[in-house]
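Enquirer: Starting off with a structure, shown below.
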Amino acid sequence: MDAPLITRRALNRATLARQLLLERSTMPVPAAIEHLVGLQAQTPHTAYTGLWTRLAGFRPEVLSDLLVERRVVRLALMRGTIHMVTARDAWGLRPLVQPVLDRVQKGQFGKRLVGVDPDAVVAMGRAFVEEEPRTFKALGDHLLTRWPERDRFALEQTIRTAVPLIQVPPRGLWGRSGPIAHTSIDAWLGAPPAATLTVDAMVLRYLGAFGPASVMDAQAWCGLTKLGEVVERLRPGLLTFRDERGRELFDLPETPRPDPDTPAPPRFLYDFENTLLSYADRTRMGSAEVADAVRPLTQEPISTFTLDGFVAGTWRVERERSHSRATLVLRPIQRLSTGDASALTEEGAALLGFLAAESAERDIRIEWA
């Protein structure tokens with residue numbers, strides 16, 4: 001029997017529900033981070049917005065405490081990018097995505113280190129970062145004492161690839177900052193848990209948080225290839241759909257797929273929002289024209305907001321140097337209806353209260369794209 005059709009709007013509502021964006025969840029912060037299979041977190045503070053958007057009554061100091069207590073960590077994972085995950089998922093996910101990091105290292109830096117013993121580089125670098133957390137500059141300086149004529153960046157990346165490196169606090173703490181210093185996962189978290197995560201289990205978790213999704217979507221999320229073999233093993237326990245373009249999508253049986261007409265409140269997404277980056281086909285969150293309209297024109301990352309579940313514009317917060325005034329600047333792609341403008345500014349005022357609680361004056365300004 002042919003797989004049933006699932007419309008773009010139905011995909012959107014399923015995604016919002018899985019991503020805790022249809023209604024805010026009351027689950028604890030660690031449980032939410034594990035449910036989402038981590039949050040992409042290159043910028044040290046914006047993932048806090050991702051949790052504020054998803055969790056009722058979220059308090060940023062709770063997440064800061066989890067980082068200090070080493071129950072949540074930041075390290076390179078999916079697609080080789082920095083993610084915020086629980087300690088348990090750091091141990092479980094990193095070995096599974098190691099081939100992604102190895103592929104990047106070989107492709108970008110392999111030729112730069114011809115003739116250098118990689119095991120010697122890794123041993124020297126690991127020992128150095130395990131003495132105490134180190135910046136990459138300090139690490140590169142240290143490695144150059146033995147290989148003075150070699151490429152600094154390639155040497156540093158050899159350690160980043162081979163040694164799971166945790167970005168340690170105060171980097172990433174709410175309202176604080178610090179050097180981008182790293183130590184090994186072993187030095188930071190101690191002995192690994194006995195239980196391991198399989199690639200099959202990882203794909204099932206992806207579908208739970210992002211499905212229905214295709215094999216190509218899952219590969220775009222984690223960076224791995226040949227996941228079709230994994231999905232074929234899992235197929236007997238999965239539901240299958242066809243999207244409006246004919247692609248085969250997979251899903252877990254007991255996961256929410258709300259009615260396509262379910263109301264979706266405005267939501268403010270952060271700059272490296274997983275919901276927008278974890279698919280090969282991202283049209284479930286906005287058309288190709290919308291993607292072009294919100295594409296950054298500089299290297300500065302941008303944040304987006306949704307209306308009726310779909311990306312509808314960008315946002316940023318402008319602060320006066322004294323921090324006495326903060327302004328949320330909204331840049332819609334199209335004209336807003338009265339109802340949309342009211343709902344968006346109401347949610348925006350709440351966001352501004354979260355991000356700029358120290359500012360006595362808070363404003364919202366709309367700039368038209």
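The values are calculated or read from the model by the stated rules, or taken from the named source; none is laboratory data. As the structure is a prediction and not an experimental result, all values here were calculated from the model. Using ideal geometry, Cβ is built from the backbone for each residue, glycine included, and neighbour counts are taken over all protein chains shown. These area figures cover heavy atoms from the full protein model, side chains too; ligands, DNA and RNA do not enter into them. Shrake-Rupley method; radii C 1.70, N 1.55, O 1.52, S 1.80 Å.
Enquirer: Which whole-Hz couplings ³J(HN,Hα) result when phi for each residue of the range 227-237 is put into the Karplus expression 6.51 cos²θ - 1.76 cosθ + 1.60, θ = phi - 60°, listed in order with x for Gly and Pro?
Expert: With coefficients 6.51, -1.76 and 1.60, one gets 6, x, 5, 5, 5, 5, 5, 8, 3, x, x Hz.
Enquirer: Still on this structure, I have one more. Let me have the 222 nm mean residue ellipticity of the chain computed from DSSP H runs of 4+ only, each contributing -39500 (n - 2.57), with the sum over all residues rounded to the nearest 500.
Expert: Taking each H run of at least 4 residues, the total per residue is -12500 deg cm²/dmol.
Enquirer: Which residue, ASP117, ASP340, ASP89, has the most motion in a Gaussian network model of the chain that connects Cα atoms within less than 10 Å?
Expert: The residue with the greatest mean-square fluctuation here is ASP117.
Enquirer: With springs only between Cα atoms under 10 Å apart, run a GNM on the chain and tell me which of SER25, SER342, SER303 wobbles the most.
Expert: SER342
Enquirer: In whole percent, and with a 1.4 Å probe on the protein chains, what portion of the accessible area of the chain is carbon and sulfur?
Expert: In the chain, the share of accessible area belonging to carbon and sulfur is 54 percent.
Enquirer: Charges on Cβ only, +1 for Lys and Arg, -1 for Asp and Glu, centred on the Cα centroid of the chain; of VAL104, SER337, LEU5, which one is farthest towards the dipole's positive end?
Expert: Final value for the positive-end residue is VAL104.
Enquirer: Counting other Cβ atoms within 10 Å, which trypsin sites (Lys or Arg not before Pro) in the range 331-365 have at most 16 and lie in a DSSP loop?
Expert: In loop regions of the range 331-365 (DSSP not H, G, I, E or B), the sparsely surrounded trypsin sites (Lys or Arg not before Pro) are ARG335.
Enquirer: By the scheme Lys and Arg +1, Asp and Glu -1, what is the net charge of all other residues having a beta-carbon under 13 Å from that of ALA154?
Expert: Charge balance near ALA154 sits at +3.
Enquirer: Sticking with this structure for a sec: Students often forget the sequence filter, so: which lysines lie under 17 Å Cα-Cα from LYS137 once same-chain residues fewer than 8 apart are removed?
Expert: none
Enquirer: Can I ask one more? Between 0 and 90 degrees, rounded to the nearest ten: what's the tilt of helix 338-355 against the longest Cα principal axis of the chain?
Expert: Compared with the principal axis, the helix lies near 30 degrees.
Enquirer: Which value, in Å², gives the accessible area per residue of the range 297-340 when a 1.4 Å probe is used on the protein heavy atoms?
Expert: Here the per-residue accessible area is 60 Å².
Enquirer: Please check: in the Gaussian network model of the chain (C-alpha springs, under 10 Å), which one of ILE82, ILE185, ILE333 has the largest mean-square fluctuation.
Expert: Most flexible of the set in this elastic network: ILE333.
Enquirer: If you average the alpha carbon positions of the range 345-366 and of the range 76-114, how far apart do those two centres end up, in angstrom?
Expert: 37
Enquirer: Taking the range 1-91, which GluC sites (Glu not before Pro) meet the DSSP loop condition and have no more than 11 other C-beta atoms within 10 Å?
Expert: Taking the range 1-91 and a limit of 11 other Cβ atoms within 10 Å, the loop GluC sites (Glu not before Pro) found are GLU69.
Enquirer: Relative contact order for the chain: what percent, with Cα pairs under 8 Å and sequence separation of 6 or more?
Expert: Relative CO of the chain lands at 19 percent.
Enquirer: Relative to the Cα centre, what is the charge dipole magnitude of the range 81-211, using +1 at the beta carbon of each Lys and Arg, -1 at the beta carbon of each Asp and Glu, and rounding to the nearest 20 debye?
Expert: 360
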